[in-house]
Amino acid sequence: MKIIWRRFVAVLSKKEIRKMTLDKLKLYDYHSKITEEERLQAILFSKAYWNNSNSVAVTISMEHELSTDVIIQEALRSHKKVVVPRVSSGKLLWFDYIESLMSKSKFGILEPTQDENQAQNLKGIDLMVVPGVAFSEDNYRIGYGAGFFDATLAEYNGITVSLVLPPQSIHKFSKDTWDRPVRYLIK
């Protein structure tokens, strides 16, 4: 008699995946992280969608995240319009990146200080570099759980791309109806 063992894999909740991935990111070797960031950024800068874009939406990264400083500087060097977000009135608002108009938030993250009436419409933005905590093989992301980027992605019609560090790669997770995939993942 042949015994067949079935492997049951529990699907972790987004909250569990988020915690596990953030823990891995915070422990990720600094030199490995820098090397991997440089590799991912070089791939991004070689893509036609980067080279053909005139404008880029990108977040200001936190220390444990993939650094976006080089992406912002390369976009500015390439004469691209750069917009960065700030949470205001319960949603993400996007503002022109002007270094002198940035200040640290209560979370220690640089964000734009312009008035809400200076927010930019994302309809004119060609490319969005989408952050996330974890990314599945089918291009879905788990963020920090507030839903700001899911709402933004539901309205944004441009090209989306995420750069994924090794600790951020997951096989799959249980999706909600509001989850939106990223068009391109660079791993």
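The values are calculated or read from the model by the stated rules, or taken from the named source; none is laboratory data. None of the values given here were measured: they were computed from a predicted structure. All Cβ positions, glycine included, derive from the backbone under ideal geometry; neighbour counts span all protein chains shown. Accessible surface is based on the protein model in full, side chains and every heavy atom, while ligands, DNA and RNA are left aside. Shrake-Rupley method; radii C 1.70, N 1.55, O 1.52, S 1.80 Å.
One table, with the values for the structure above:
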quantity	calculated
q = 0.11, 0.12, 0.18 Å⁻¹: log10 I(q)/I(0) that the Debye formula gives for the chain, counting C-alpha atoms only	-0.50, -0.59, -1.34
Ser32 paired with Lys123, simple spin-label distance in nm, labels 7 Å along Cα-to-beta-carbon	4.6
Percent of beta bridges antiparallel (DSSP, segment 111-187, rounded to nearest 5)	20
Ratio Rg/Rh, restricted to segment 126-187 and using Cα atoms, in which Rh is the Kirkwood radius	0.92
DSSP-defined beta bridges in the chain - what % are antiparallel, rounded to 5	50
Subset of Lys24/Lys123; Lys123/Lys175; Lys15/Lys91; Lys47/Lys172 violating a 29 Å alpha-carbon distance limit	Lys24/Lys123
Sulfur and carbon atoms: percent of accessible area, the chain [1.4 Å]	53
Accessible area per residue in Å² at 1.4 Å probe, computed on the chain	60
Sparsely packed trypsin sites (Lys or Arg not before Pro) within segment 80-174, loop by DSSP, other Cβ within 10 Å at most 10	Lys106
Probe 1.4 Å - accessible area at Thr160, Å² to nearest ten	10
Helical mean residue ellipticity (222 nm; -39500 (n - 2.57) per DSSP H run of 4+; nearest 500) of the chain	-8500 deg cm²/dmol
Distance between modelled label sites at Asp115 and Lys15, nm, 7 Å Cα→Cβ extension	4.1
Filtered chymotrypsin sites (Phe, Trp or Tyr not before Pro), segment 82-187: DSSP coil and at most 12 other beta carbons within 10 Å	Phe107, Trp178
